[in-house]
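In what follows, a structure is listed as structure tokens, so that the remarks can point back to it.
The values are calculated or read from the model by the stated rules, or taken from the named source; none is laboratory data. This is a predicted model, so every value here is computed, not measured. Note that we place each Cβ from the backbone using ideal geometry, even for glycine, and neighbour counts take in every protein chain shown.
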Amino acid sequence: MKIFQPYCITDGKGFKLKHCDPCDTGDFHSKEQAEALLQRGVAELSDLQEKLYAQDKWALLLIFQAMDAAGKDGTIKHVMSGVNPQGCEVRSFKTPSAQELDHDFLWRSSVALPERGRIGIFNRSYYEETLVVRVHPEFLERQKLPKNLITKRVWRERFEDINAYERYLTRNGVVIRKFFLHVSREEQKRRFLSRLEEKQKNWKFSMADAAEREHWDDYMRAYEQTIRHTATAHAPWYVVPADNKWFTRLVVADAIVDTLKSLDLAFPKVDAAQRQELAAVRETLLKSK
């Protein structure tokens, strides 16, 4: 089963977010039904990641974007729970620092890219440029760009830059998979209330998160435009239903496992000369005290 397939967008032309149901759970009807498959996926991911690390040819970049309370942190935690931390790194991108604002908008992402053999996870990413910055144009002003570069084409140019960047990375062995965790406005409200009502969740609540709800429709338009212009066969978007966290995690795990399987990963083979060398080392060890 390729559980992820209905949610994978490889050509954004004509994409409409209104056709995506945040409550969808495919052919699954309960958390219990999906749990065994998720655990199998986590175990398979662990095995594939070990081969990715040993082979040292490919890098995998996983990008997570979502509205607040959509479950990015929890999804990353559960899906990557079996992965060796040595071969995986999570980077969170928040408000740009003064140093970052003195560089192009892709700079801070470039210095955080995963090495060959590693999995890099971006919790938010350079896509903030076409999402939060688009919803809040005043953020664009803080980037200190020459005024003649900020035209009506600025967002289309950002899409063009991102597509060129992702094509470049792909040609250099960085496999890119992008996940938009699509939560409904109603479910976000429920989760915000839960954070307020349950003391152990109070720390998760932010007044800024609640304030962004006022721009919900603007964000949905920004996400739709972003996916429409940047979904490609080599760097697809997965618009993952996020109202049911157990299904979100299953879809994401399935997509990552399928991606790694497509890379023909294997442990490096030892040639005759290396085997002879290893045999000599073994003999030395056996003779030692």
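Could you tell me whether Phe122 is touching a Phe, Trp or Tyr at 6+ places or on another chain (Cβ under 7 Å), in contact (Cβ under 8 Å) with a residue 12 or more places away in the chain and either in a loop (DSSP other than H, G, I, E, B) or hydroxyl-bearing (Ser, Thr, Tyr) (or both)?
Numbers: touching a Phe, Trp or Tyr at 6+ places or on another chain (Cβ under 7 Å): yes; in contact (Cβ under 8 Å) with a residue 12 or more places away in the chain: yes; either in a loop (DSSP other than H, G, I, E, B) or hydroxyl-bearing (Ser, Thr, Tyr) (or both): no.
Against the criterion (touching a Phe, Trp or Tyr at 6+ places or on another chain (Cβ under 7 Å), in contact (Cβ under 8 Å) with a residue 12 or more places away in the chain and either in a loop (DSSP other than H, G, I, E, B) or hydroxyl-bearing (Ser, Thr, Tyr) (or both)), Phe122 does not qualify.
Output the number of the condition that Trp216 fails; it satisfies all remaining conditions of (1) assigned to a helix (DSSP H, G or I); (2) over 24 Å from Leu17 (Cα atoms); (3) of a type outside the set (D, E, K, R); (4) modelled with pLDDT of 95 or more.
That leaves (2) as the condition not met.
Among the residues that make up region 134-143, is at least one of them touching a helix residue (DSSP H, G or I) at 6+ places or on another chain (Cβ under 7 Å), more than 23 Å from Leu62 (Cα to Cα) and aromatic (Phe, Trp, Tyr)?
For region 134-143, residues touching a helix residue (DSSP H, G or I) at 6+ places or on another chain (Cβ under 7 Å), more than 23 Å from Leu62 (Cα to Cα) and aromatic (Phe, Trp, Tyr): present.
Is it the case that some residue within region 183-197 is hydrophobic (A, V, I, L, M, F, W, C) and at pLDDT 95 or above? First the steps, then the outcome.
Start the filter on region 183-197 by keeping residues that are hydrophobic (A, V, I, L, M, F, W, C), which leaves 183, 192-193, 196.
Subsequent filtering for residues that are at pLDDT 95 or above retains 183.
Scanning region 183-197, I find at least one residue that is hydrophobic (A, V, I, L, M, F, W, C) and at pLDDT 95 or above, so the answer is yes.
Which one of the conditions (1) assigned to a loop (DSSP other than H, G, I, E, B); (2) surrounded by fewer than 19 Cβ atoms within 10 Å (Cβ to Cβ) does Asp209 fail to meet, given that it meets all the rest?
Condition (1) is where Asp209 drops out.
Out of curiosity, is Lys94 over 18 Å from Asp47 (Cα atoms) and basic (Lys, Arg)? Lay out the reasoning, then the answer.
Details: over 18 Å from Asp47 (Cα atoms): yes; basic (Lys, Arg): yes.
Here the answer is yes, as Lys94 does meet what is asked.
Checking Leu285 against (1) in a helix (DSSP H, G or I); (2) surrounded by 10 or more Cβ atoms within 10 Å (Cβ to Cβ); (3) over 18 Å from the mean Cα position of the chain (by Cα), which test does it fail?
Single failed check for Leu285: (2).
Please go through region 252-281 and pick out each residue that is surrounded by 18 or more Cβ atoms within 10 Å (Cβ to Cβ) and either of a type in the set (Gly, Ala, Ser) or under 26 Å from Val135 (Cβ atoms) (or both).
Val252, Ala253, Ala255
Right, Asp209: in contact with a strand residue (DSSP E or B) (Cβ under 9 Å, 6 or more places away or on another chain), farther than 22 Å from Gly14 by Cβ and charged (D, E, K, R) or not? Before you say what the answer is, go through the steps one by one.
On the way: in contact with a strand residue (DSSP E or B) (Cβ under 9 Å, 6 or more places away or on another chain): no; farther than 22 Å from Gly14 by Cβ: yes; charged (D, E, K, R): yes.
For Asp209, the condition - in contact with a strand residue (DSSP E or B) (Cβ under 9 Å, 6 or more places away or on another chain), farther than 22 Å from Gly14 by Cβ and charged (D, E, K, R) - is not met.
Filter region 153-206 down to the residues that are of a type in the set (A, V, I, L, M), part of a helix (DSSP H, G or I) and over 23 Å from Asp217 (Cα atoms) and list them by number.
Ile162, Ala164, Leu169, Leu196
Give region 221-254 a look and list any residue that's of a type in the set (Gly, Ala, Ser) and not in a helix (DSSP H, G or I), or say none. If you could, list the steps in order and put the result at the bottom.
Filtering region 221-254 for residues of a type in the set (Gly, Ala, Ser) gives 222, 231, 233, 235, 242, 253.
Answer for region 221-254, where residues must be of a type in the set (Gly, Ala, Ser) and not in a helix (DSSP H, G or I): Ala231, Ala233, Ala235, Ala242.
Which residues, taken from region 18-49, are assigned to a helix (DSSP H, G or I) and buried (at least 16 other Cβ atoms within 10 Å of the Cβ)?
Hits for region 18-49 are Ala34, Leu38, Gly41, Val42, Glu44, Leu45, Leu48, Gln49.
Name the one entry in Arg191, Arg185, Arg228, Arg221 that is free of Cβ contacts under 8 Å to residues at least 12 places away in the same chain and either more than 30 Å from Glu44 (Cα to Cα) or surrounded by 10 or more Cβ atoms within 10 Å (Cβ to Cβ) (or both).
Exactly one of Arg191, Arg185, Arg228, Arg221 is free of Cβ contacts under 8 Å to residues at least 12 places away in the same chain and either more than 30 Å from Glu44 (Cα to Cα) or surrounded by 10 or more Cβ atoms within 10 Å (Cβ to Cβ) (or both), namely Arg221.
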